[in-house]
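Accompanying notes for the structure given below.
Taken together, the values in this text are just the output of simple stated rules run on the coordinates, not laboratory data. Not measured: the values here are computed from a predicted model. Virtual Cβ from ideal backbone geometry, glycine too; neighbours counted across all protein chains shown.
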Amino acid sequence: MSLGQPVTFDRPEVVAEVTRAFEQYERALLDGDVAVMTELFWDDPRCVRFGVADRQQGADEIEAWRRTHPSVPPGRKLHDTRVLAVDDRTAVVTTLIGYPDRGIEGRQSQTWVRLPEGWRIVEAHVSELPLRS
């Protein structure tokens with residue numbers, strides 16, 4: 001793709017591939033499967049994860065954090081999940097997160113890139129806001 005050529009967003013096959021990778025990551029997160037979560041993050045020192053009250057820089061820090069925080073609180077439900085496929089190698093996934101009996105709304109974004117080993121998260125951000133009464 002060179003400058004000046006139109007970008008074809010949301011090619012169905014790319015959206016489907018990234019959706020499958022995202023769902024695999026989400027299952028691993030719910031199950032506390034650190035090996036799969038680690039595999040789906042880019043194995044590179046430039047990979048970044050910003051959590052609710054933490055941050056990691058690089059695959060080693062992300063894996064170390066995951067080993068001490070392998071899963072999420074029970075009852076996690078996603079809604080308004082969106083996959084924006086920018087091209088055939090790059091996509092952004094955003095989702096909102098709810099928990100029963102917790103007065104917060106979680107927000108998560110991930111940038112996925114197709115690498116030789118498959119789709120990997122190169123950047124992730126999680127935040128929470130209090131629900132409005």
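Backbone phi angles across the stretch 101-113, fed through the Karplus curve with coefficients 6.51, -1.76 and 1.60 (θ = phi - 60°), yield HN-Hα couplings of 6, 10, x, 10, 10, x, 10, 9, 9, 9, 9, 10, 10 Hz in residue order; Gly and Pro are listed as x. In the chain, the calculated helix contribution to ellipticity at 222 nm averages -8500 deg cm²/dmol per residue, counting -39,500 (n - 2.57) for every DSSP H run with n ≥ 4. Once both axes come from the Cα atoms, what is the angle between helix 59-68 and the longest principal axis of the chain, in degrees from 0 to 90, rounded to 10? Here the helix axis deviates by roughly 30 degrees. For the stretch 41-46, putting each phi into the Karplus relation 6.51 cos²θ - 1.76 cosθ + 1.60 with θ = phi - 60° gives couplings of 8, 4, 7, 7, x, 8 Hz, in residue order, rounded to whole numbers and with x for Gly and Pro.
The C-alpha atoms of the chain define a longest principal axis, and helix 12-31 lies at about 20 degrees to it. Loop-resident trypsin sites (Lys or Arg not before Pro) (DSSP state other than H, G, I, E or B) in the stretch 20-91 with no more than 11 further Cβ atoms inside 10 Å of their Cβ: Arg46. So what's the Cα pair-distance distribution over the stretch 12-130, bin width 5 Å, in %? Answer for the stretch 12-130: a P(r) of 2, 11, 22, 26, 22, 12, 4, 1, 0 percent.
Of all DSSP bridge pairs formed entirely within the chain, close to 90 percent run antiparallel. Applying a DSSP loop filter and a limit of 10 other Cβ atoms within 10 Å to the GluC sites (Glu not before Pro) in the stretch 48-133 leaves Glu117.
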